[in-house]
Amino acid sequence: MLETLKTLDLTPFILSFKLAGLTTLILFIISLPLAWYLSQTKSKVKPFLEAITALPIVLPPSVLGFYILVTFAYVDLNFTFTGLVIASCFYSLPFMVQPLQGGFETLNKNMLEASYISGKSKLITLLRVALPNIKPALLTALIITFAHTVGEFGVVLMIGGSIPDETKVASIAIYEMVEIMDYGTAHIYSAIMVLISFLVLLSVYIFNHTQKKIGGFH
């Protein structure tokens, strides 16, 4: 076990964190206006937009991965890190949009109206009034999106394969270790993933409970 630890290749984890970080950043930029629109609109197209946004949750990763694979074939993005980032944005979209939308929908409407009456634009209201008042939802969206991307396997395998230092992320590395029956390394990789997942969820719950206690004192 000690020898395994000494020779452990951490590159898959570095790639996983890099992929998750970029995906989370891109999705935050994309999802913020989308979640805001969905939380405020009364348009008849809202249910259709919500359904499309949530589709990756119910679609098998192999189905989503297949269509992305076919699409990427035309632009030479298959088996590249860039392709992985784009595919991860599709697959993790609902994990960013839904918490943000839920947070915006719980805001006091009078607070938003007061912002508009004082002459602030919708963009300023979103950034300076709405966003600072949904901190638990914001943190949940960021962390869950990051963690979900780190742990994704199906779409990543189909789009990226297993190219060392390019697309071989932690979940793929674990799969390969099991295939060659290197259970010692697979155990270590899996234990690291379990620990990361637990710490991520723990941080979300601690922060949200702290915010509820603070809110209860006001």
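General remarks:
- Residues (surrounded by 24 or more Cβ atoms within 10 Å (Cβ to Cβ) and either under 17 Å from K46 (Cα atoms) or not hydrophobic (A, V, I, L, M, F, W, C) (or both)) located in region 81-90: S88
- Region 95-116: number of residues that are surrounded by 21 or more Cβ atoms within 10 Å (Cβ to Cβ) and not aromatic (F, W, Y): 7
- Of all the listed residues (L107, L142, L138), the sole one being out of contact with any Pro (no Cβ under 6 Å at 6 or more places or on another chain), over 16 Å from L15 (Cβ atoms) and part of a loop (DSSP other than H, G, I, E, B) is L107.
- P33 being closer than 23 Å to A173 by Cβ and out of contact with any helix residue (DSSP H, G or I) (no Cβ under 7 Å at 6 or more places or on another chain): no
- Test: residue in region 69-76 that is at pLDDT 95 or above, aromatic (F, W, Y) and farther than 28 Å from Q211 by Cα: no
- Filter result for T82 (in a helix (DSSP H, G or I) and closer than 22 Å to I172 by Cβ): yes
- Check on F17, aromatic (F, W, Y), in contact (Cβ under 8 Å) with a residue 24 or more places away in the chain, in a helix (DSSP H, G or I) and surrounded by fewer than 21 Cβ atoms within 10 Å (Cβ to Cβ): yes
- Matching residues in region 31-68 - criterion: being surrounded by 15 or more Cβ atoms within 10 Å (Cβ to Cβ) and touching a Gly at 6+ places or on another chain (Cβ under 9 Å): A35, S39, P61, L64, G65, I68
- Those residues of region 119-131 which are polar (S, T, N, Q) and at pLDDT 90 or above, in sequence order: T125
The values are calculated or read from the model by the stated rules, or taken from the named source; none is laboratory data. It should be emphasised that the depicted structure is a prediction, and the values quoted were computed from it without experimental measurement. All Cβ positions, even for glycine, are placed from backbone atoms using ideal geometry, and neighbour counts span all protein chains on display.
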